[in-house]
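All of the numbers you see were taken from the coordinates with simple rules; none came from a lab. Bear in mind the structure is a predicted one, so any value in this text is a computation, not a measurement. Positions of Cβ are backbone-derived with ideal geometry, glycine not excepted, and every protein chain shown enters the neighbour counts.
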Amino acid sequence: MAAKDLPKDKLFNLYYNMLLTRQFEDRLSKLYRQGKIFGGIFLSTGQEAIPAGTCAHLRDDDVISPIHRDLGAFLIKGMDPKILMAQILGKATGPSKGRDSFLHAGSKKLGIIPPTSILASTIPIAAGVAFTFKLRGKDSVAVSYFGEGGSNRGDFHEGCNFAGIHKVPLVLICENNKYAYSTPVEKEMAICCVSYRAESYGFQGLLVDGNDVLAVYDAMQIAVERARAGGGPTLIECMTYRIRGHSEHDEAKYQPEAEKQEWKKKDPITRFKGFLTEKAGFGESEEEEMLKRISAILDEAAQFALDSPFPPGESALEDVFAPDEGVRSTHLTIESRQKPVVSGETNL
Amino acid sequence: MPEITMLEAIRLAMKEEMERDESVLVLGEDVGIYGGAFRATEGLYDEFGPNRVIDTPISESAIVGAALGMAIMGYRPIAEIQFADFITCGFDQIVNQTATLRYRTGGEMPAPLVVRAPSAAGVHGGLYHSQSPEAWFAHTPGLKVVVPSSAYDAKGLLKAAIRDDDPVIFFEPKFLYRRAKENLPEEDYIVPLGKAKILKEGGDVTIITYGSMVFHCRSAIDKLEAEDLSIELIDLRSIMPLDKSTIYDSVKKTNRVILAYEDHKTLGIGAEIAALLSEELFEYLDTPIIRVAAPDTPIPYSPPLEEFYLPNEQDVIDAVHRVIEY
Ligand SMILES: Cc1ncc(C[n+]2csc(CCOP(=O)(O)OP(=O)(O)O)c2C)c(N)n1
């Protein structure tokens with residue numbers, strides 16, 4: 001069914017997910033300014049339609065591989081906002097137990113491959129995940145998110161080529177927000193669109209307005225149906241724009257103000273609200289109700305995260321190997337403080 | 001010249017070398033108009049233009065590979081990798097292509113390029129913005145590896161690296177970027193590669209270190225001196241080539257050795273030095289050689305974890321006590 005014909009509750013849900021993402025990130029921005037978040041944070045303001053429109057098609061048995069600007073995908077795939085908030089604040093209650101930063105969190109149960117900072121490296125991994133669905137004769141799909149910037153690394157090529165050869169059920173979502181850190185897209189590649197590359201790997205590339213959640217939804221429908229039916233990968237390039245700086249510490253003076261203003265007019269949330277108001281009887285009271293719900297969720301999440309303990313220092317040594325491997329770390333403080341070497345004790 | 005930071009010293013080294021030698025150019029992600037993620041190349045684009053300060057896509061393999069191609073053709077490229085953690089994406093170009101070129105061409109094709117990368121932890125960077133990968137490269141024949149710990153050395157070593165006819169991997173401890181500062185001489189100078197520096201002379205124990213650990217060793221020594229201990233502090237500066245004679249002379253004098261490095265303990269630079277000392281200077285050693293280093297785990301993010309992970313001043317003090325009481 002085309003997105004515009006979806007029942008009201010589904011349409012409202014798309015809107016809710018975009019709103020939740022934006023509000024969650026605004027909350028993060030505040031916490032960051034209060035010094036509660038130690039590393040960098042990378043926000044998706046203006047890009048919320050992409051996770052909302054794509055994840056709407058996913059089932060519990062599907063697997064996503066998000067990147068640093070995909071907070072919405074974590075939430076929509078089912079990660080508890082409390083747990084995600086705790087992760088971002090480096091708390092023991094987060095999925096990485098405080099070991100890795102920001103959205104570097106995964107969940108086997110929810111089907112979320114944890115991102116790393118190494119851009120595009122997760123594309124071959126997602127292709128491998130998709131390969132197993134094919135091996136097992138399942139109709140699940142894997143979804144790999146990445147930026148147009150990351151798509152210029154070799155791993156993009158190798159991952160796409162592998163996926164194309166094996167016709168695995170993989171959907172590649174390129175979030176083309178026009179900038180890779182400070183580098184504008186014209187300096188990143190000589191063609192306009194990453195989706196043009198899909199053909200050279202033997203699958204289809206779709207180019208959509210990434211600020212139009214309905215268009216994103218429709219493109220994803222084509223890709224997911226194809227993947228589930230054994231038709232192989234699809235690359236969907238969502239054209240969008242990074243409204244904020246690369247991270248919260250980046251003032252992004254290199255992004256022309258006029259350009260920013262132009263794109264602010266295409267804000268995906270405002271646009272979709274216009275559609276909903278006109279076509280689905282969405283009004284201020286519906287929005288207020290959503291905002292109230294979201295605010296309660298975020299209050300609870302922030303409180304949980306702030307109240308959660310930091311991980312104990314020694315827990316840094318756990319989970320390098322399986323617990324029964326008996327491989328001990330070699331931290332001098334541990335060894336020497338546990339059994340101090342007394343003169344003459346060692347036979348040199 | 002007023003006091004400048006290590007970061008400014010690095011920028012100045014590149015600027016002066018680019019002014020001195022037209023074949024020197026810079027390439028990397030966001031190095032142009034933006035001036036680099038850490039601002040190390042700020043102003044270079046305005047002064048030298050887009051042909052000599054080249055913004056690249058996110059393509060570490062192409063950054064190093066293209067730098068090698070330019071080096072073959074007579075240029076002296078400085079390739080910036082935004083964080084040392086991402087150097088893995090250019091690993092083949094460094095290890096298999098760059099490091100071996102002189103050897104496999106019978107000496108005909110040198111590869112005079114520098115790969116600069118901000119390294120090491122202490123800024124809550126987590127797994128992928130904290131690594132100290134110098135040992136991987138020191139293990140690779142054909143590469144020189146440098147890790148400065150002061151503004152003066154950073155400038156002089158980077159200039160030496162740019163002028164060197166072999167590839168140099170230049171790691172810049174980001175923890176020190178703004179912490180390490182001093183007045184630098186006005187005139188041009190280099191700090192030769194392969195020469196360690198004795199930062200403090202002493203007779204009881206030799207501490208051999210480099211990079212951010214210099215910072216922690218200095219503060220440890222301040223405390224140890226209050227106990228009337230006399231410590232010799234050696235900053236390796238160059239990991240490869242290793243300045244064996246400075247190390248050996250010191251160890252012959254003190255007979256006790258601590259090796260302090262921020263990298264994982266196992267097979268880090270300290271492991272190599274300990275093996276060398278055991279082979280060459282066994283009869284001079286009065287105590288076991290102690291390594292103060294990080295545990296063999298990925299580098300965790302959350303502050304209590306990172307604090308636990310990182311070797312610190314107290315670890316150095318404990319190690320010195322251990323050899324003194326031995
Ligand atoms: C291999 C690698 N090189 C460089 C970086 C540093 N870096 C982090 S995000 C980024 C820009 C990413 O741009 P893009 O892929 O388009 O995603 P966006 O941030 O725009 O969402 C860069 C250069 C990195 N994380 N990994």
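Based on the Cβ-Cβ distance of B:Arg20 and B:Tyr248, what FRET efficiency does E = 1/(1 + (r/R0)^6) give at R0 = 30 Å, to the nearest 0.05? Intermediate results must be reported in sequence, preceding the final value.
On the way: r = 35 Å, r/R0 = 1.18.
Efficiency for this residue pair is about 0.25.
Which one of B:Thr88, B:Ile231, B:Ile190 is farthest out on the positive end of the charge dipole of the protein assembly as shown, using unit charges on Cβ (Lys, Arg +1; Asp, Glu -1) and the Cα centre as origin?
Of B:Thr88, B:Ile231, B:Ile190, it is B:Thr88.
Can you give me the angle between helix A:154-166 and the longest principal axis of chain A, using Cα atoms only, in degrees from 0 to 90, rounded to the nearest 10?
The helix A:154-166 is inclined about 70 degrees to chain A.
Could you work out the mean count of beta carbons from other protein chains within 10 Å of each residue's beta carbon in A:177-190? Can you show the working numbers first?
Numbers: counts 0, 0, 0, 5, 6, 10, 10, 2, 1, 0, 9, 6, 2, 1.
Per residue, the average neighbour count from other chains is 4.
Taking 0.36 nm per intervening residue step and subtracting the Cα-Cα distance, what contour gain separates B:Asn51 from B:Ile324 on full extension?
Numbers: separation 273, 0.36 × 273 = 98.28 nm, distance 5.70 nm.
Between B:Asn51 and B:Ile324, full extension yields 92.6 nm more.
Other chains near B:58-66: what is the mean number of their Cβ atoms within 10 Å of each residue's Cβ? Before the final figure, lay out each step's value.
Details: counts 14, 9, 4, 3, 3, 0, 0, 0, 0.
Mean partner-chain Cβ count within 10 Å for B:58-66: 4.
Can you compute the modelled spin-label distance between B:Glu279 and A:Asn161, with each label point 7 Å from Cα toward Cβ, in nm?
Label-label distance for B:Glu279 and A:Asn161, simple model: 4.0 nm.
Can you give the charge dipole size of chain A about its Cα centre, rounded to the nearest 20 debye, using +1 on the beta carbon of Lys and Arg and -1 on the beta carbon of Asp and Glu? If you can, show how the numbers build up before the last one.
On the way: 42 positive and 47 negative charges, 34 e Å.
Computed about the Cα centre, the dipole is about 160 debye.
Please count, across segment B:197-325, the pairs of lysine residues with Cα atoms under 19 Å apart that sit 8 or more places apart or on different chains.
Within segment B:197-325, the lysine pair count is 9.
Would you tell me the mean number of C-beta atoms belonging to other protein chains that fall within 10 Å of each C-beta in B:78-90, as a whole number? Don't skip to the answer; put the middle values down first.
Values: counts 0, 0, 0, 0, 2, 2, 0, 3, 5, 0, 2, 7, 1.
Mean number of neighbouring Cβ atoms from other chains: 2.
What trypsin sites (Lys or Arg not before Pro) does segment B:145-225 have in DSSP loop regions with at most 12 other beta carbons within 10 Å? Show your work: numbers first, answer last.
Numbers: sites: B:Lys155, B:Lys159, B:Arg163, B:Lys174, B:Arg178, B:Arg179, B:Lys181, B:Lys195, B:Lys197, B:Lys200, B:Arg218, B:Lys223; in loops: B:Arg178, B:Arg179, B:Lys195.
Within segment B:145-225, the qualifying trypsin sites (Lys or Arg not before Pro) (loop, at most 12 other Cβ atoms within 10 Å) are B:Arg178.
To the nearest 0.05, how large is the calculated FRET efficiency for A:Glu225 and A:Asp60 if R₀ is 22 Å and r is the Cβ-Cβ distance? It would help to have the intermediate numbers written out before the result.
Working: r = 18 Å, r/R0 = 0.82.
With R0 = 22 Å, the Cβ-Cβ based efficiency is 0.75.
Specify which residue in the list A:Ser29, A:Leu207, A:Gly137 is farthest towards the positive end of the charge dipole of chain A, using unit charges on the beta carbon of Lys, Arg (+1) and Asp, Glu (-1), about the Cα centre.
Highest projection toward the positive end goes to A:Gly137.
Percent relative contact order of chain A, based on C-alpha pairs within less than 8 angstrom and at least six residues apart? Walk me through the intermediate numbers first.
Numbers: 600 pairs, mean separation 72.7, N = 348.
Value for chain A: 21 percent.
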